[in-house]
Each structure stands twice: as structure tokens, then as C-alpha cells.
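Okay, so here's the structure we're looking at.
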Amino acid sequence: MPEIAFLMGKSSSGKDNIFKALVGDKELNLKTVIMYTTRPMRAGEKEGVEYYYVDNEKALELEAADKVIEMRIYNTVLGFEFQSCPYCRNLRYR
């Protein structure tokens, strides 16, 4: 029976770079699994390569049909303080 391995780490910790290096090593003969995500596709990504891109409704439908092994939900906010940006200090906040 084949073994299953996974890379785990915080966001932006380099998991994708390690993954690509391992998969690129033909001596390892690794097979990959393509996961589903509800996040928007990023520049350079392709449907069915990095992920299968679905909406929230489809993700919940897959979960209800017991087709989901693991589901992670991230409630994150990304931004910066307006005044901390040296290029923005002279601009007015709207």
C-alpha cells in the first residue's frame, strides 16, 4: 500500500517551494493529490493544477456527501495601518 505524506506549515512558510522541489525529483516517483479551495485563483495558477476552485456552496455540498477528508477554514484579514506606510503619510484617509 502506498504511503501518504503531507507538508504542513504556517501560511507563507515555503511549503509550495518544498513541495515543488520534492515532486520535481523524479527518483522519488511521487504522486500528488489536488485539493479543493474556495479562495480566488491567483495569477499563474490553473484549474486542476494547484487546486480545484469551488465556491462555498460546492464545498459544503462535498462535505455533506462525505467526500471531504479535511476542511480548514481561515478567517484572516490582511492589511496595514495607513499611517505606517511612508508613501501614504501625506494622503488623506477616505
Any hit, the range 51-61, residues being farther than 17 Å from residue 73 by Cα and among the polar types (S, T, N, Q): no
In the range 2-50, residue surrounded by the fewest Cβ atoms within 10 Å (Cβ to Cβ) [restricted to those that are aromatic (Phe, Trp, Tyr) and within 17 Å of residue 72 (Cα to Cα)]: 6
Of the candidates 56, 17, the one satisfying the condition of being touching a Ser or Thr at 6+ places or on another chain (Cβ under 6 Å) and at pLDDT 90 or above is 56
Tell me which residues, restricted to the range 14-70, are under 23 Å from residue 2 (Cα atoms), in a loop (DSSP other than H, G, I, E, B) and among the hydrophobic types (A, V, I, L, M, F, W, C). 30, 33, 34, 49, 68, 69
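The values are calculated or read from the model by the stated rules, or taken from the named source; none is laboratory data. Note that the structure is predicted; figures quoted are calculated from it, not measured. Positions of Cβ are generated from backbone atoms using ideal geometry, with glycine treated the same way; all protein chains shown enter the neighbour counts.
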